[in-house]
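Down below is the structure, laid out as structure tokens.
The values are calculated or read from the model by the stated rules, or taken from the named source; none is laboratory data. Here the structure is a predicted model, which means the values were calculated and not measured. Note that each Cβ is placed from the backbone with ideal geometry, even for glycine, and that neighbours are counted across all protein chains shown.
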Amino acid sequence: MRTALFHKSRTITVVGQPRRLLATASTATAQHQASRAERQQPFYAGEPAGPSVKTAIPGPRSKELAKDLDTVFDTRALNMLTDYSRSSGNYIADADGNMLLDVYAQIASIPVGYNNSALAKAASSREMVSSIINRPALGNFPPHDWAEVLRSGILKAAPKGLDNVFTAMAGSDANETAFKAAFMYRRQLERGGRDVEFTPEEIESVMSNKGPGASQLSILSFKTGFHGRLFGSLSTTRSKPIHKLDIPAFDWPQATFPQLKYPLEEHAAENAAAEQASVDEVEHLIKSWHLPPAAIIVEPIQSEGGDNHASPDFFRKLREVTRRHGVLMIVDEVQTGVGATGRFWAHDHWNLQDPPDMVTFSKKAQAAGYYYRMPELRPNKPYRQFNTWMGDPARALLFRAIVDEIERLDLVNNTAKVGAYLYGQLEQLSKMHPDHFQNLRGKGQGTFIAFDSPKRDEFLVKAKSLGVNIGGSGATAVRLRPMLILRESHADILVDVLDKIARSF
Ligand SMILES: Cc1ncc(COP(=O)(O)O)c(C=O)c1O
């Protein structure tokens, strides 16, 4: 095992396993060592042995291509010009031949690695080709085997208790359609049931966006939460002003998300009080907001807003409050879902007796939509929840292949274990460099780990130059969003690079 850094030529080659911060116990059994060796092995052959950085990033070729791209496409948010043909497993290649360990994974949306052979096989099946070139208007012309495709994929992964799905196009769309379902459900209850017809006043007034037809309801969301950028979802997004400026928005309520202090053990009473205050605020808003909330929407871990966590107890209390006031609970698992927290759905950690009313998904699922349980959440008439495509059978087939691969390789458990290992290493690092690893969070949440760094943006640039692609969230968080195929050997490479970054300031 060798770690070599060739700074002069700007080439970093990491072969095998770099130095680990925690020594392996000398008394470890052969069996333990064997299972550790297995935990080090990449899941797929062909992955590079480590990162290799040959040029500054962006390199000359990337700069040239970006300049050209900018003439036809806004490149101001460009992170890196990627060579997807050369990317493999946990590694992302750029246009200059650099190969980076990717723990950002297309904003947390790649589940089982680049150029995954099982997904490539699913992608080249006749069924997939047919789905791509004969894209159906799903509401009107679903494929004859659509029930089977859903049951063997999207619904196989359904959260406990939620056995129906409405498929959508992306995370924002999943949330917006869930909001629509909540509004229609609420009005239906108010009207007295599914069979009660709309009044002539409703039918007439709704065409001018006013009056009794345009119901005056709201969705309650949390400060620093993120639920997307389409018109409706944007009104519930509260992470950064830049996302919302100039866009007309609904006058919907926002509650404070508990701001936990770390380490959790040292602030237990304070944190419990912050959570109770937040629950109380939610209840107060439900009772008093001038546009009554039909639903609340909440992320299990506020992701874009800075990796803000809350305890299972907080979410159980939220469920109880929503139930007590007849308000629906939508759990937005767009970023947390599909294994990253060491459970398939992050809300599995809460042990709810009473499941959420809707759970939205996208990103690692590649497909999108919301799961629900009550049949009444289907609007009382067809075409009330409808689009041309309403999702995509090709993406449903891909999610099916992803679910199969997750199951075959036990990737949720892998993520729980690697996450625990990685968290332990990061705890050591945070003791060594307390200035650069503040508020380490995500213990017991798989690899969904983050910490704050006062020089976050510089931190991320340095990470790239040392061979790791990492993302940020909120104002100061470094967020780790690796794929489900991260092994301990990859975690070691990451920790080694993080250590070097901290030493370099
Ligand atoms: C929790 C959450 N909800 C919704 C969205 C919006 O998803 P999309 O960008 O696919 O519209 C995101 C995107 O980052 C997200 O993290």
Review point. Can you tell me how many residues in the range 327-346 are within 12 Å of residue 406 (Cβ to Cβ) and within 13 Å of the ligand (Cβ to nearest atom)?
Key: 3
Revision key, fill the gap. Going through the range 217-230 in order, the residues found to be of a type in the set (A, V, I, L, M, F, W, C), more than 12 Å from the ligand (Cβ to nearest atom) and not in a strand (DSSP E or B) are 217
Revision key, fill the gap. Considering the range 252-261, residues that are touching a Phe, Trp or Tyr at 6+ places or on another chain (Cβ under 9 Å) and either surrounded by 15 or more Cβ atoms within 10 Å (Cβ to Cβ) or among the charged types (D, E, K, R) (or both), and then whichever is farthest from residue 217 (Cα to Cα), we arrive at 258
Point to revise | When residues of the range 96-106 are limited to those that are of a type outside the set (A, V, I, L, M, F, W, C) and outside any loop (DSSP other than H, G, I, E, B), the one surrounded by the most Cβ atoms within 10 Å (Cβ to Cβ) | key: 102
Point to revise | the range 107-125, subset closer than 15 Å to residue 90 by Cα and assigned to a loop (DSSP other than H, G, I, E, B), residue nearest to the ligand (Cβ to nearest atom) | key: 109
**Study point:** Identity of the residue in the range 354-364, out of contact with any strand residue (DSSP E or B) (no Cβ under 6 Å at 6 or more places or on another chain) and within 13 Å of the ligand (Cβ to nearest atom), that ends up farthest from residue 391 (Cα to Cα)
**Key:** 364
**Study point:** Verdict on residue 487 being under 19 Å from the mean Cα position of the chain (by Cα) and either surrounded by 21 or more Cβ atoms within 10 Å (Cβ to Cβ) or under 24 Å from residue 311 (Cα atoms) (or both)
**Key:** no
Study note, to complete from the structure: Scanning the range 304-329 for residues that are assigned to a loop (DSSP other than H, G, I, E, B) and either touching a strand residue (DSSP E or B) at 6+ places or on another chain (Cβ under 6 Å) or among the aromatic types (Phe, Trp, Tyr) (or both), the one surrounded by the fewest Cβ atoms within 10 Å (Cβ to Cβ) turns out to be 309
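Residue-wise test of (1) within 16 Å of the ligand (Cβ to nearest atom); (2) surrounded by fewer than 24 Cβ atoms within 10 Å (Cβ to Cβ); (3) over 17 Å from residue 165 (Cα atoms); (4) within 18 Å of the chain's Cα centre (by Cα).
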| position | (1), (2), (3), (4) |
| --- | --- |
| 348 | no, yes, yes, yes |
| 352 | no, yes, yes, no |
| 368 | yes, no, no, yes |
| 372 | no, no, no, no |
| 387 | yes, yes, no, no |
| 405 | no, yes, yes, no |
**Study point:** Restricting the range 188-220 to residues that are over 25 Å from residue 285 (Cα atoms) and charged (D, E, K, R), the residue that is surrounded by the most Cβ atoms within 10 Å (Cβ to Cβ)
**Key:** 202
Point to revise | For residue 93: the one exception among (1) crowded, with 21+ Cβ neighbours inside 10 Å; (2) free of Cβ contacts under 8 Å to residues at least 12 places away in the same chain; (3) within 16 Å of the ligand (Cβ to nearest atom) | key: (3)
**Study point:** Residue match in the range 179-186 (condition: in the same structural domain as residue 309 (by TED's automatic domain parsing), of a type in the set (Phe, Trp, Tyr), within 14 Å of the ligand (Cβ to nearest atom) and surrounded by fewer than 15 Cβ atoms within 10 Å (Cβ to Cβ))
**Key:** no
Study note, to complete from the structure: Checked 345, 350 against criteria (among the aromatic types (Phe, Trp, Tyr), at pLDDT 95 or above and out of contact with any helix residue (DSSP H, G or I) (no Cβ under 7 Å at 6 or more places or on another chain)); the one match is 345
Check your understanding: Mind checking whether some residue in the range 244-251 is at pLDDT 95 or above, in contact with a strand residue (DSSP E or B) (Cβ under 7 Å, 6 or more places away or on another chain) and more than 16 Å from the ligand (Cβ to nearest atom)?
Key -> yes
Practice item. Could you please find all residues in the range 136-175 being within 15 Å of the ligand (Cβ to nearest atom) and more than 10 Å from residue 370 (Cα to Cα)? Key: 169, 170, 172
